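The values are calculated or read from the model by the stated rules, or taken from the named source; none is laboratory data. What you are looking at is a predicted structure, and each value in this text was computed from that prediction instead of being measured. Here the Cβ positions follow ideal geometry from the backbone for every residue, glycine too, while neighbour counts run over all protein chains shown. We work out accessible area using only protein heavy atoms, side chains counted, and drop any ligands, DNA or RNA first. Shrake-Rupley method; radii C 1.70, N 1.55, O 1.52, S 1.80 Å.
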Amino acid sequence: MLKEKLIYLGYWDKIQNHLSTILMIILLGVLFFALMNCFLGHQLMRLWMTVIGLAIGGAFGGYMGLRHFYDKNAIFLSATVCAFAVAMAAALVYRVGLVVLCGGVVFATMELLFPVASMSVHMGFVALGIVVGIASFEHETIVVTWVTAICGGLAAAKAGLLLVKFQSTIAAVIIGALFAALGVKYQYSQIRKHPPGSRKRGRKKVEVRHGRDSK
């Protein structure tokens, strides 16, 4: 159905003609963001919540637009509205953001490592991502750090291998594990330097001092 809709809109031939370029751009983007996520997942947590929210919302809105509309502007509007809605929810509602961040990273990594056509497997990946996201409610620092490091490392390894046209899940897992180990080590070193909540405590101390000085 989606192929027929893309043919009707005139996008299918354009996609086929530039498929290799499109795939290369996507893989380069995945490689960049995966490495950033691997080493700066916890430090840039709010940013990742928003970025992944945009991606999830845009993909869902675009998919629904393609299914229900025949007008290009309506499809674009559907993708845009959903992208900003999910991104705002992820940025403003903390627990929604955690589910979007952890769930989105886990789902995207599993899809990249094990691309299959079975809808039941896709739903399994979604369920796994949601479970991991909910687990982060109680153990935020641990879950976010390990999930972003492991998934970022695996995704970066897989994307890098695909860019050099070497398809091997085993090699991706081995290289990804090395990236993940380095990512976990680096993220924890940064967490020890700047513990979660230290900035807020620092601001409160400054406010108290200012209050005392004014008296």
Within the chain, what whole-number % of the accessible surface is contributed by carbon and sulfur, with the 1.4 Å probe and all protein chains included in the calculation?
71 percent
As computed over segment 18-132, the Cα convex hull volume per residue (Å³)
119 Å³
Counting only protein heavy atoms and rolling a 1.4 Å probe, one gets per residue an accessible area for the chain in Å² of 62 Å²
Given only helices, namely DSSP H runs of n ≥ 4 each adding -39500 (n - 2.57), what is the per-residue ellipticity at 222 nm of the chain, to the nearest 500 deg cm²/dmol?
-29000 deg cm²/dmol
Could you identify which residue out of Thr141, Thr169, Thr21 has the top mean-square fluctuation in a GNM of the chain using Cα springs shorter than 10 Å?
Thr21
Per 5 Å bin, what percent of the C-alpha pairs of segment 101-141 does each bin hold, from zero upward?
6, 27, 28, 20, 11, 6, 2
In units of 2.2 N^0.38 Å, what is the alpha-carbon radius of gyration of segment 107-175?
1.21
Taking every eigenvalue of the Cα gyration tensor of segment 67-131, multiplying by 5 and rooting it, what semi-axes result, largest first, whole Å?
24, 20, 8
Relative pair counts by distance (%), Cα atoms of the chain, 10 Å bins:
8, 27, 33, 19, 8, 3, 1, 0
In nm, the gap between the two label points placed 7 Å beyond Cα toward Cβ at Phe114 and Val173 is 1.0 nm
Taking springs between alpha-carbon atoms closer than 10 angstrom, which of Leu128, Leu98, Leu54 fluctuates most in the Gaussian network model of the chain?
Leu128
Ignoring chymotrypsin sites (Phe, Trp or Tyr not before Pro) that are buried or in helix or strand per DSSP, and keeping those with at most 11 other beta carbon atoms within 10 Å, what is the longest stretch of the chain between them?
71-165
Of Ala74, Ala135, Ala34, which has the largest mean-square fluctuation in a 10 Å C-alpha GNM of the chain?
Ala74
Largest to smallest accessible area among Lys158, Lys165 [probe 1.4 Å]:
Lys165, Lys158
Projected area of segment 44-84, taken from the Cα convex hull and averaged over every viewing direction, in nm²?
2.3 nm²
Roughly how much of Cys82 is accessible, in Å² to the nearest 10, using a 1.4 Å probe?
40 Å²
With label points set 7 Å from each Cα along the Cα-to-Cβ direction at Ala59 and Leu92, the distance between them in nm comes to 2.4 nm
Which GluC sites (Glu not before Pro) in segment 99-190 sit in a loop by DSSP (not H, G, I, E or B) and have at most 13 other Cβ atoms within 10 Å of their own Cβ?
Glu138
Tally of Lys pairs whose C-alpha atoms are under 30 Å apart, taken over the chain, 8 or more apart or cross-chain:
19
